[in-house]
Amino acid sequence: MFAPGRVNLIGEHTDYNDGLSLPFAIGEGVTADATLRPGHAGVGGDASELVCAVAEELRAAGHDLPGAEIAISSSLAEGEGLSSSAAVGVAVALALLGLAGESCEPVELARLCQRAERRALGTRSGLLDQLAALCAPEGCALRIDFRSLELTPVPLRLGGWRLAVAASGERRELARSGYNERRAECEGAAELLGVGSLRAARRADVDRLPEPMDRRLAHVLGENERVEQTVTALGEGDMSEVGRLLDASHASLRDLYDASTDAVERTVAGLREAGAVGARMMGGGFGGSVLALFTADVELPRRVRAVAPAAGARVLAG
């Protein structure tokens with residue numbers, strides 16, 4: 001089974017706030033092959049903590065898994081914010097389910113893989129990465145409403161423009177970075193406001209919160225608006241507006257969410273100097289990769305690679 005990495009076009013740190021995001025799957029990803037291992041009760045082979053956690057969560061959910069050997073290969077670099085851990089979890093889960101002759105509804109499988117990742121890696125991640133890996137359609141971004149879990153394909157017709165990613169050179173270690181801290185701040189803000197999540201908050205609520213919770217809320221509210229504005233811009237073929245929204249998202253993540261680093265800022269500046277119409281940090285921040293938008297006539301800088309919307313998780317032919 002193959003599970004892709006993902007690029008989140010826009011909508012960052014909104015998933016665990018019941019907000020909106022707009023990711024798409026990419027061509028690179030993780031392949032997991034499962035073979036029967038008679039007489040063995042667990043999972044062998046490339047059995048990392050995450051692989052074992054996925055198997056344990058599947059069994060806890062009532063799936064009758066046989067003993068298995070797992071072989072994993074990946075074309076995704078770790079720590080670059082392209083969701084390598086989620087791709088591993090999804091690929092392994094689907095491979096084990098296929099070996100057992102069982103299936104699982106996509107949203108429930110996404111939740112299961114999320115639990116496994118939290119258990120194995122200690123990261124309190126949202127569902128964005130798993131849903132993108134499982135459900136993103138080829139040629140489209142996927143508008144995800146994390147309050148209702150409504151999934152809406154959004155055609156990503158670039159019209160000659162190119163989306164590209166560049167590694168900042170700084171590995172992103174979410175569990176040891178500020179990611180879990182940011183999530184706790186958002187939960188604290190929701191509790192102070194008396195709402196279930198920051199999706200239910202309003203602009204006027206920003207002034208009711210102490211620093212830095214006020215800035216965290218301002219980012220979440222603005223980022224949800226930018227997702228909707230990006231969907232509209234894509235529908236109208238207004239890629240210049242998409243570039244402006246990428247820049248605005250980055251400024252918000254840097255100034256309101258404090259999720260940037262010096263390495264990320266240097267990478268963003270370099271991409272803009274190379275002709276990017278818009279650029280922003282991607283993923284959880286605190287390192288990883290930067291997403292940029294270029295016109296067709298601009299040559300991509302060295303070590304910057306184009307990305308395009310690919311299909312979600314699938315069985316590979318051959």
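The values are calculated or read from the model by the stated rules, or taken from the named source; none is laboratory data. In this text, all values refer to a predicted model and were calculated from it rather than measured experimentally. FYI the Cβ positions are ideal-geometry reconstructions off the backbone, even for glycines, and counts take in every protein chain you see.
One residue stands out among those in the range 139-158 that are modelled with pLDDT of 95 or more and of a type in the set (D, E, K, R): the one that is nearest to residue 198 (Cα to Cα), which is 147. Just one of (1) closer than 17 Å to residue 5 by Cβ; (2) out of contact with any helix residue (DSSP H, G or I) (no Cβ under 6 Å at 6 or more places or on another chain) fails for residue 284. It is (2). Of all the residues in the range 236-260, those that are assigned to a helix (DSSP H, G or I), in contact with a strand residue (DSSP E or B) (Cβ under 8 Å, 6 or more places away or on another chain) and either of a type in the set (Gly, Ala, Ser) or modelled with pLDDT under 95 (or both) number 2.
Of all the listed residues (275, 283), the sole one being part of a loop (DSSP other than H, G, I, E, B), in contact (Cβ under 8 Å) with a residue 60 or more places away in the chain and not assigned by TED's automatic domain parsing to the domain that holds residue 21 is 283. When residues in the range 282-303 are screened for being modelled with pLDDT of 95 or more and either under 23 Å from the mean Cα position of the chain (by Cα) or under 19 Å from residue 11 (Cβ atoms) (or both), 5 of them pass. Taking the conditions exactly as written (of a type in the set (A, V, I, L, M, F, W, C), surrounded by fewer than 22 Cβ atoms within 10 Å (Cβ to Cβ), over 20 Å from the mean Cα position of the chain (by Cα) and part of a loop (DSSP other than H, G, I, E, B)), does residue 206 satisfy them or not? Answer is no for this residue.
When you look at residue 94, is it under 20 Å from the mean Cα position of the chain (by Cα) and farther than 18 Å from residue 314 by Cα, yes or no? Judged against the criteria, residue 94 is not a match. Just one of (1) surrounded by fewer than 18 Cβ atoms within 10 Å (Cβ to Cβ); (2) among the small types (Gly, Ala, Ser); (3) within 29 Å of residue 50 (Cβ to Cβ); (4) not assigned by TED's automatic domain parsing to the domain that holds residue 278 fails for residue 139. It is (3). Taken over the range 57-93, the criterion of being touching a Gly at 6+ places or on another chain (Cβ under 6 Å) and part of a strand (DSSP E or B) is satisfied by 69, 70, 71. Would you mind stating whether residue 83 is in contact with a Lys or Arg (Cβ under 7 Å, 6 or more places away or on another chain), touching a residue at least 40 places away in the same chain (Cβ under 8 Å) and either in the same structural domain as residue 168 (by TED's automatic domain parsing) or within 30 Å of residue 196 (Cβ to Cβ) (or both)? When the stated conditions are applied, residue 83 passes them. Among the residues making up the range 13-33, those that are farther than 14 Å from residue 127 by Cβ and acidic (Asp, Glu) are 28, 33.
A single entry from 177, 125 fulfils the requirement of being modelled with pLDDT under 95, assigned by TED's automatic domain parsing to the domain that holds residue 9 and not charged (D, E, K, R): 125.
Applying the criterion of at least 3 residues that are within 30 Å of residue 273 (Cβ to Cβ) and out of contact with any helix residue (DSSP H, G or I) (no Cβ under 6 Å at 6 or more places or on another chain) to the strands (runs of 3 or more DSSP E) found wholly in the range 94-181 leaves 162-167.
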